[in-house]
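Please treat every number below as a calculation from the coordinates, not as lab data. Bear in mind that the values here come from a model prediction, so they are computed numbers and not experimental data. All Cβ positions, even for glycine, are placed from backbone atoms using ideal geometry, and neighbour counts span all protein chains on display.
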Amino acid sequence: MSLPADYHMHTPLCRHATGEPGEYAARAVAIGLTEIGFSDHSPMPRDDFDNWRMYASQLDEYVAKVRLAQKDFPNLTIRLALEVDYLPGGEDWIRGLAARHPWDYFIGSVHYVSDGWAIDNPQKISEWKNRDAFEVWSAYFERLTQAAETGFFESSATRTCRKSSGIARIATARRSTRNFSTRPKNTIAPSNSTPRGCGRIAGKFIPAAKSLNWRFKKACR
């Protein structure tokens, strides 16, 4: 049985990844993958918005790197994509990004419940002590639902981030977050279903087996 494609891979331009697209492509061929996709963090209107994404001036460089890998590995299908943070009011920026290049897909992410706080940023985990966890997850799933309803995204990258970095323990200390599990409309699938997303974080596999089984059954209907 062939291995599933990995559609969620970053490059050094995001400032927290290593390995160029050509290196990933070579490894993919070596282990028998027939298809991969690069979906690095998209730039934001302000380059100082955070420090874990490419600058706006590097977008064309990113595309050129992926196109070079496509040229060097013609027998491997390589998709060109972006992981795009959804912020209410940022729809025009996303439309502008979509018009820049013939992307294969966009992965939608919700890292921010406010403009200045990424809830899964390890450097800002202490901010949870100043927040009501139930209110945070209410805002999080509301934004995830809004992102799904825009129609911009083929998949979601952050739906399981509540299990990472000990956040789940903090979030469930006061009230359960289970009632949020079905909030996002069934318009986008979790990119965490790819091999990259299937990892062990905070002592648990991401995504959970129940989540994968539920989505498999939905897809087969």
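Some values worked out for this structure:
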read-out: Cα point-scatterer Debye curve for segment 1-156, base-10 log of I(q)/I(0) at q = 0.13 Å⁻¹; value: -0.65
read-out: Cα-based Rg / Dmax (Å) for segment 29-77; value: 13.7, 40
read-out: Gained length - ARG15 relative to GLU91, 0.36 nm times residue gap less alpha-carbon distance; value: 24.9 nm
read-out: Residues of type aspartates and glutamates that LYS65 reaches as a straight line, Cα spacing below 17 Å, ignoring anything fewer than 8 places off in the same chain; value: GLU20, GLU23, GLU35, ASP40, GLU83, ASP104
read-out: FRET efficiency, SER138 to ASP50 (Cβ-Cβ, R0 30 Å, nearest 0.05); value: 0.85
read-out: Charge tally in the Cβ shell below 12 Å around ARG27, where Lys, Arg are +1 and Asp, Glu are -1, ARG27 excluded; value: -3
read-out: Protection proxy ranking, peptides 86-92, 64-70, average beta carbon neighbours within 10 Å, highest first; value: 64-70, 86-92
